[in-house]
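Enquirer: Following this message is one structure expressed as structure tokens.
The values are calculated or read from the model by the stated rules, or taken from the named source; none is laboratory data. All of these numbers come straight from a predicted model, not from anything done at the bench. Methodologically, a virtual Cβ is constructed for each residue, glycine included, from the backbone with ideal geometry; neighbour enumeration extends over all protein chains shown. With ligands, DNA and RNA removed, areas are computed over all heavy atoms of the protein, side chains included. Shrake-Rupley method; radii C 1.70, N 1.55, O 1.52, S 1.80 Å.
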Amino acid sequence: MLRSWERCRQAGLDPTRLECGEPNVRAVSEARERNRTLISHAEPVLEHLFEQIRNSHSMVILADARGMVLQTYGDPDFLSHAEQVSLHPGASWHEFDRGTNAIGTALAERGAVNVFGSEHFYEGNAFLTCSASPIQDAQGRLMGVLDISSDYRAFQRHSLGLVKMSSRIIEKRLFESEFAHQGLLSFHARPDHVGSMCEALLAISPDGDIVGADQSALELLGLRREDLPRRHYSMLFDVPLGTLIDRARRDPSSLIAIAGRNGERFYARLRGNFASMPVSSPVGMETRSERPARPARVEAAEPASQVRLTLHTLATGDERLQAAIDKGVRVLGRDIPILIQGESGAGKEMFAKAFHNSGPRAQGPFVALNCAAIPETLIESELFGYSGGAFTGARKEGAVGKIQQAHGGTLFLDEIGDMPLSLQARLLRVLQERCVTPLGTNKSIPVDITLVCATHRRLKEEVARGGFREDLYYRLNGLCINLPSLRERSDIDRLIDKLMREEAGPDRHVEVSHKVMQAFLSYRWPGNIRQLNNVIKVAIALLDDDEQVIETWHLPDDIFEEIGETVPAMASIMQGRGMPAGLADGPVAAAPAAGTANFGRLEEIERDMIQRTLEAENGNISAAARRLGISRNTLYRKLGRF
């Protein structure tokens, strides 16, 4: 509690003054829409939890990662008291709004907490006793918090244990939902814990890559979350993945003993996508370094801590984009192929994912293949699959193609204009017959897919010059959607704001200066949304912890130069960046006045200014940066360039 009280005092909160406003109905609606995934998985748990504490003068609360109350269940007598301190949907219980309290403090500490009576920072909340536990998504990001609040005279010692267990149930539901189309490995050092709330979970792709791990798995394996992209199943356990697959097929409920690479003994059970594989496959014997990179991928669900990407969430006010969204909405659930055209980086794959997530196949797989990013000799096997021994270098167990992997979902073929002519006839046959025939076999496998294609080429022109089959073009072109380039859009400012909020996260407010916004609006953005997104990521990374406004010097060097900004001269440093006026009178000499013979190049002046400032500060980077009125990151960047 001491750390929380100190944070509240530093924020200037007055413990005697607690302002309680009316709930903002619109804000509640928007927050619930943003947290639709969290609510859908948490609601059954909340209802069950309330049944355990009913008639105890208590209430159960679900809040989002910003501390806003989303949902409540409670005894009527206590709810009336809770209303007096705005403990209702729409109210923010972030520490900076409500002082020390279980919801806000659990979010700040990222751990379960009890706040009893007068431990609340605001005196008006002292009649409460609250227990809260944070909820993380499948990627380990803070998603919300679960809370039990009651009158302090009705405090129940088991409340904290109940919310911790319930938040763990919600996290498990979120994890299993996000990786529903992967294999899920449940394991623990004790066999009786497999299948319980204590079990650890790993999500494994068909190639054996570790694509997800819950907190229990990370702790048991001694891994950090950032290590996961570099881990393969075979690097963690001694039993081949194919053995687990065979066991899952024969007896899905059985456990198998496996050992970790450090000798730890675990008991494991494989379930999910692998259990239904038709053939035994010793997948996982090879390590990541032995396998070629695959440009195609099977997408998991959107990260649960973010707003789920749908056609609705793409709308930010541009008329041309809205027209494309409206067309997409009208054909959802219909057997109509979509062809998305637009410049590179304009958001074609994002639109395809949003289309998939908005329709009746949202729970099915979204499988993407970039036809331009894979050699012509491999694209056929990637797309159609192959049987064991179909060609030299093929895996003996064969491989399932991307078309078959997309069964029940959406197949997204990016850069379809780059597909070799020899394969276009085979793809046309698949679309007409709704069956796929893997290489090396005569067996046709029925498939049910929605097809979405994208290209930056003008396919009509490709057809005219013989580079694309006319019959395939008309088969793909059920609905043609043209996405505007970024420079053509009228909603760049709103798009920038949206991308910054997603990159900075819910706990940090970042904005761009008026000067940078004007530069962004006038820039042509040849790389479109992809380029803008990268620029914003870099700019936020270059911000110091205490900085909230992106200025021109936070931009990557190439963008800094392209938007028309020259390298800052002395006057820009002194005036635009707030350098103390006395600097030129101190140990760092002023640059020559305009019109003198030795004016020099701007870069030379800047380099000279930085060098003399560093000398004056005896090489202290932080002091020199403060004196120059720039961040340390910017100073390091300039030193590296010089």
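Enquirer: Could you check how many residues of segment 487-497 are surrounded by fewer than 16 Cβ atoms within 10 Å (Cβ to Cβ) and not in a helix (DSSP H, G or I)?
Expert: Here the count works out to 1.
Enquirer: Ok, one more. Those residues that are in contact (Cβ under 8 Å) with a residue 40 or more places away in the chain and in a loop (DSSP other than H, G, I, E, B), I need them from segment 431-464; list them, please. Give the derivation first.
Expert: Start the filter on segment 431-464 by keeping residues that are in contact (Cβ under 8 Å) with a residue 40 or more places away in the chain, which leaves 431-432, 436-441, 445, 447-459, 462.
Hits for segment 431-464 are 437, 438, 440, 441, 447, 448, 449, 456, 457, 458.
Enquirer: Follow-up question, since we're still on this one. In segment 134-183, how many are part of a strand (DSSP E or B), in contact (Cβ under 8 Å) with a residue 60 or more places away in the chain and either of a type in the set (Ser, Thr, Tyr) or under 20 Å from residue 88 (Cα atoms) (or both)? Lay out the reasoning, then the answer.
Expert: First, pick out the residues of segment 134-183 that are part of a strand (DSSP E or B): 134-136, 142-151, 183.
From what is left, the residues that are in contact (Cβ under 8 Å) with a residue 60 or more places away in the chain are 135-136, 142-151, 183.
With the extra rule that they be either of a type in the set (Ser, Thr, Tyr) or under 20 Å from residue 88 (Cα atoms) (or both), the set shrinks to 135, 143-151.
Residues meeting the conditions: 10.
Enquirer: Working only within segment 183-206, note down all residues that are of a type in the set (D, E, K, R) and open to solvent by less than 30 Å² (accessible area, probe 1.4 Å). Even if it seems obvious, please write down each step before you answer.
Expert: First pass over segment 183-206, keeping only residues of a type in the set (D, E, K, R): 190, 192, 199.
Answer for segment 183-206, where residues must be of a type in the set (D, E, K, R) and open to solvent by less than 30 Å² (accessible area, probe 1.4 Å): just 199.
Enquirer: Check whether at least one residue in segment 56-68 is part of a helix (DSSP H, G or I) and in contact with a Phe, Trp or Tyr (Cβ under 7 Å, 6 or more places away or on another chain), and report yes or no. If you could, list the steps in order and put the result at the bottom.
Expert: The initial filter retains those residues of segment 56-68 that are part of a helix (DSSP H, G or I), namely none.
No, because not a single residue in segment 56-68 is part of a helix (DSSP H, G or I) and in contact with a Phe, Trp or Tyr (Cβ under 7 Å, 6 or more places away or on another chain).
Enquirer: Just to be sure, is residue 105 closer than 19 Å to residue 166 by Cβ and either touching a residue at least 24 places away in the same chain (Cβ under 8 Å) or in contact with a helix residue (DSSP H, G or I) (Cβ under 7 Å, 6 or more places away or on another chain) (or both)?
Expert: On the way: closer than 19 Å to residue 166 by Cβ: yes; either touching a residue at least 24 places away in the same chain (Cβ under 8 Å) or in contact with a helix residue (DSSP H, G or I) (Cβ under 7 Å, 6 or more places away or on another chain) (or both): yes.
Answer is yes for this residue.
Enquirer: Turning to a different aspect of this structure: Would you call residue 467 more than 30 Å from residue 536 (Cα to Cα) and either touching a residue at least 60 places away in the same chain (Cβ under 8 Å) or surrounded by 16 or more Cβ atoms within 10 Å (Cβ to Cβ) (or both)? Don't jump to the end; show me each part of the working.
Expert: Values: more than 30 Å from residue 536 (Cα to Cα): yes; either touching a residue at least 60 places away in the same chain (Cβ under 8 Å) or surrounded by 16 or more Cβ atoms within 10 Å (Cβ to Cβ) (or both): no.
No; evaluated as a whole, the condition is false for this residue.
Yes/no per residue for (1) part of a helix (DSSP H, G or I); (2) aromatic (Phe, Trp, Tyr); (3) modelled with pLDDT under 90; (4) open to solvent by 80 Å² or more (accessible area, probe 1.4 Å):
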{"residue": "506", "(1), (2), (3), (4)": "no, no, yes, no"}
{"residue": "516", "(1), (2), (3), (4)": "yes, no, yes, no"}
{"residue": "519", "(1), (2), (3), (4)": "yes, no, yes, no"}
{"residue": "536", "(1), (2), (3), (4)": "yes, no, no, no"}
{"residue": "571", "(1), (2), (3), (4)": "yes, no, yes, no"}
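Enquirer: Hey, any hits in segment 24-38 for a residue that's under 29 Å from residue 178 (Cα atoms), more than 25 Å from the chain's Cα centre (by Cα), surrounded by 12 or more Cβ atoms within 10 Å (Cβ to Cβ) and not small (Gly, Ala, Ser)? Even if it seems obvious, please write down each step before you answer.
Expert: Step one: filter segment 24-38 for residues under 29 Å from residue 178 (Cα atoms), giving 26-38.
Right, trim to more than 25 Å from the chain's Cα centre (by Cα) and you get 26.
Subsequent filtering for residues that are surrounded by 12 or more Cβ atoms within 10 Å (Cβ to Cβ) retains none.
Taking every residue of segment 24-38 in turn, none turns out to be under 29 Å from residue 178 (Cα atoms), more than 25 Å from the chain's Cα centre (by Cα), surrounded by 12 or more Cβ atoms within 10 Å (Cβ to Cβ) and not small (Gly, Ala, Ser).
Enquirer: Filter segment 72-99 down to residues that are of a type in the set (Asp, Glu) and either assigned to a helix (DSSP H, G or I) or in contact (Cβ under 8 Å) with a residue 60 or more places away in the chain (or both) and give me whichever is farthest from residue 125 (Cα to Cα).
Expert: Pass one, segment 72-99, residues of a type in the set (Asp, Glu): 75, 77, 83, 95, 97.
Keeping just the survivors that are either assigned to a helix (DSSP H, G or I) or in contact (Cβ under 8 Å) with a residue 60 or more places away in the chain (or both) gives 77, 83, 95, 97.
Numbers: 77: 17, 83: 12, 95: 13, 97: 13 Å.
Looking at residues that are of a type in the set (Asp, Glu) and either assigned to a helix (DSSP H, G or I) or in contact (Cβ under 8 Å) with a residue 60 or more places away in the chain (or both), I get 77.
Enquirer: Taking segment 191-226 on its own, how many of its residues are part of a loop (DSSP other than H, G, I, E, B) and on the phi < 0 side of the Ramachandran plot?
Expert: Looking only at that region, the number is 11.
Enquirer: Continuing with this model, one more query. Can you find, within segment 470-486, the residue that is nearest to residue 322 (Cα to Cα) among those that are open to solvent by 10 Å² or more (accessible area, probe 1.4 Å) and assigned to a loop (DSSP other than H, G, I, E, B)?
Expert: The initial filter retains those residues of segment 470-486 that are open to solvent by 10 Å² or more (accessible area, probe 1.4 Å), namely 470-471, 473-475, 477-480, 482-483.
Still in the running and assigned to a loop (DSSP other than H, G, I, E, B): 477-478, 483.
On the way: 477: 20, 478: 19, 483: 10 Å.
Checked segment 470-486; the qualifying residue nearest to residue 322 (Cα to Cα) is 483.
Enquirer: Looking only at segment 150-175, which residues are closer than 21 Å to residue 43 by Cβ and among the charged types (D, E, K, R)?
Expert: 164, 168, 171, 172, 173 - these are the residues of segment 150-175 that are closer than 21 Å to residue 43 by Cβ and among the charged types (D, E, K, R).
Enquirer: Got at least one residue in segment 213-223 being touching a residue at least 60 places away in the same chain (Cβ under 8 Å) and buried (at least 18 other Cβ atoms within 10 Å of the Cβ)?
Expert: yes
Enquirer: Yes or no: residue 14 under 24 Å from residue 121 (Cα atoms), at pLDDT below 90 and not in a helix (DSSP H, G or I)?
Expert: Values: under 24 Å from residue 121 (Cα atoms): yes; at pLDDT below 90: yes; not in a helix (DSSP H, G or I): yes.
Yes.
Enquirer: Only one of 497, 546, 491 is among the acidic types (Asp, Glu) and farther than 27 Å from residue 110 by Cβ. Can you tell me which? Step through it out loud before you land on a result.
Expert: On the way: 497 fails: farther than 27 Å from residue 110 by Cβ; 546 fails: farther than 27 Å from residue 110 by Cβ.
None of the other options fit; the residue is 491.
Enquirer: Now for a separate question. Which members of segment 48-104 meet the condition of being open to solvent by less than 50 Å² (accessible area, probe 1.4 Å) and of a type in the set (D, E, K, R)?
Expert: Within segment 48-104, 64, 75, 95, 98 meet the criteria.
Enquirer: For residue 433, indicate whether it is open to solvent by less than 50 Å² (accessible area, probe 1.4 Å), under 29 Å from residue 404 (Cβ atoms), at pLDDT below 90 and not polar (S, T, N, Q). Full working, then the answer.
Expert: On the way: open to solvent by less than 50 Å² (accessible area, probe 1.4 Å): no; under 29 Å from residue 404 (Cβ atoms): yes; at pLDDT below 90: yes; not polar (S, T, N, Q): yes.
Criteria not met by residue 433.
Enquirer: Considering only segment 105-118, state which residues are surrounded by fewer than 19 Cβ atoms within 10 Å (Cβ to Cβ), assigned to a helix (DSSP H, G or I) and in contact with a Leu (Cβ under 7 Å, 6 or more places away or on another chain).
Expert: Answer for segment 105-118, where residues must be surrounded by fewer than 19 Cβ atoms within 10 Å (Cβ to Cβ), assigned to a helix (DSSP H, G or I) and in contact with a Leu (Cβ under 7 Å, 6 or more places away or on another chain): there is none.
A quick yes/no check of all residues on (1) among the hydrophobic types (A, V, I, L, M, F, W, C); (2) within 34 Å of the chain's Cα centre (by Cα):
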position	(1), (2)
422	no, no
430	yes, yes
439	yes, no
445	yes, no
451	yes, yes
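Enquirer: Further, regarding this structure: Just to be sure I understand the filter: pairs with C-beta atoms under 8 Å, separated by 6 or more residues or on different chains, first member in segment 366-386 and more than 13 Å from residue 426 (Cβ to Cβ), second member crowded, with 20+ Cβ neighbours inside 10 Å and among the basic types (Lys, Arg). Which pairs pass?
Expert: These pairs meet every condition: 366/353; 367/402; 369/402.
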